[in-house]
Amino acid sequence: MAIGVTNAPEKSKSSGSIINDPQVRGIFYQAVTVIILAVLVYWIVDNTVENLRRANIASGYGFLDSRAGFDMGQSLIAFSSDSSYGRALLAGFVNTLLVAVTGIITATIIGFIIGIGRLSHNWIIAKLSLTYVEVFRNVPPLLVIFFWYSGVLAVLPQAREALALPFDVYVSNRGVAFPRPVPGEGAGYTLFAFLIAIVASVLIARYARQRQMATGQRFPVAWTVVGLIIGLPLVTFLATGAPLSFDIPVAGRFNLTGGSVVGPEFLSLFLALSFYTAAFIAEIVRAGIRGVSKGQTEAAHALGIRPGLTTRLVIVPQAMRIIIPPLTSQYLNLTKNSSLAVAIGYADLVAVGGTILNQTGQSIEIVSIWLIVYLSLSLATAAFMNWYNARMALVER
């Protein structure tokens, strides 16, 4: 019996004009696109070079070594008017980073509290959480910044009449003044003990997780970590003779002297971005918890797990797989919204860059620095959150 062999169908050949060949058309359109882009880039570069030549502005980044000639209200690194433009941009970048990191931490904490509060069975808590979300979500972030800057912090008493709080903390319209720690000889041992405590806490948490997976027995990780992070540095600090003193702020006749001061510009921006972004995070948290099957809660209750532990150990870990991707977008938004600091005079990267741009006219270089910095921050944040999302993903066996 002969067995028939069926050959694979041959690729149909175009029988018409070459214009009707899809492969040829695809190559033609791509070539046209490349030519148009090349002409556009050439026109932009040529136009820019010609305008710079007419304005007698030299291109390049050599201006970064020139003297800045302006002061900065608040800087985490040493800066004066004799510093260079490059150091001024570095100080502005550090200020931007400070607002982004502290704002993300605070917004996450507030957002989780408000998001869980919206699902509370307590009517007052649920409605207060709803009001918070609706108010901040429907107001532009710039107005929230002005609210804290002009409506809250600006009406505080003047420095000579500053509100005295416990632990030598003073609050006035010039910010919050608090004692500045001055480390003495041997204080580095305490910092070293703190780093050891953090590493030990990570190892203990990993051991506790492996032990629970193998035996089902839980290890008191929280209390152990708290004891390590607080206890070990404290013991080291006392053993080395408490090498730490404080520069206490003193209320004078017209101003406060000594200590450290957090200016109203940073406080306004930090509070505004934290409260504003927390409203969006709260809705993300609420949606994530709603996305977990109700059967998970019922199963936990059937096993006798208390409601608080059910939320912390059963619901929230599963909801995190839904929460993390949109949470990343909110972190990126908060970082980019920090550029609104220029409206209240906080010396962030955009404000410092704008001052340098006005003095030197190096607009292309300054804008390119802004683009590179914000793009790098966004990519770094997204990479970290993607890594964390992969850690929280379900492991299929």
By the DSSP-based rule, helices of the chain that are at least 24 Å long along the axis (C-alpha) and have a mean Kyte score of at least -1.0 are 22-54, 85-118, 187-215, 264-290, 316-337, 363-392
Protection proxy (average C-beta count within 10 Å per residue), highest first, orders 280-293, 231-244 as 280-293, 231-244
The range 25-102, Kirkwood Rh and Cα Rg, ratio Rg/Rh at 1.27
With T = 25 °C, eta = 0.890 mPa s and Kirkwood Rh from C-alpha pairs, the Stokes-Einstein D of the range 235-279 in µm²/s is about 174
Rg/Rh of the range 87-233 (Cα atoms, Kirkwood Rh), to two decimals, equals 1.07
The range 156-258: relative contact order from alpha carbon pairs under 8 Å, six or more residues apart, as a whole percent, is 38
Taking N as the number of residues in the range 106-179, the ratio of its alpha carbon radius of gyration to 2.2 N^0.38 Å works out to 1.46
With +1 on the Cβ of every Lys and Arg and -1 on the Cβ of every Asp and Glu, the dipole magnitude of the chain about its Cα centre, in debye rounded to the nearest 20, is 1380
Quick calc, THR215 & SER376: beta-carbon distance into FRET formula, R0 51 Å, rounding 0.05, result 0.70
For the range 174-297, inverting the pair-averaged 1/r of distinct alpha-carbon atoms gives a Kirkwood value in Å of 19.3
Compactness check, the chain: C-alpha Rg relative to the 2.2 N^0.38 Å globular estimate gives 1.37
Out of ASN255, LEU228, LEU90 - ranked by how far each Cα lies towards the positive end of the dipole of the chain, with unit charges on the beta-carbon of charged residues - the top one is LEU228
Normalised per residue, the volume inside the convex hull of the alpha-carbon atoms of the range 245-365 in Å³ amounts to 212
Rounded to the nearest 500, the 222 nm mean residue ellipticity computed for the chain from DSSP H runs (n ≥ 4, each -39500 (n - 2.57)) alone is -20000 deg cm²/dmol
With label points set 7 Å from each Cα along the Cα-to-Cβ direction at ARG290 and LEU165, the distance between them in nm comes to 3.6
Semi-axes in Å, largest first, for the range 327-397 (Cα gyration tensor, √(5λ)) are 34, 13, 6
For the range 265-395, dividing by residue count, accessible area per residue (probe 1.4 Å) in Å² works out to 47
Expressed in nanometres to one decimal, the distance between label points 7 Å along Cα→Cβ at SER80 and VAL139 is 4.2
Here the range 20-68 gives, from Cα atoms, an Rg and Dmax in Å of 19.3, 64
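The values are calculated or read from the model by the stated rules, or taken from the named source; none is laboratory data. Worth saying up front: this structure is predicted, and the values here are computed from it rather than measured. Methodologically, a virtual Cβ is constructed for each residue, glycine included, from the backbone with ideal geometry; neighbour enumeration extends over all protein chains shown. Ligands, DNA and RNA are stripped out before the accessible areas are found, and what is left, the full protein with its side chains, is counted by its heavy atoms. Shrake-Rupley method; radii C 1.70, N 1.55, O 1.52, S 1.80 Å.
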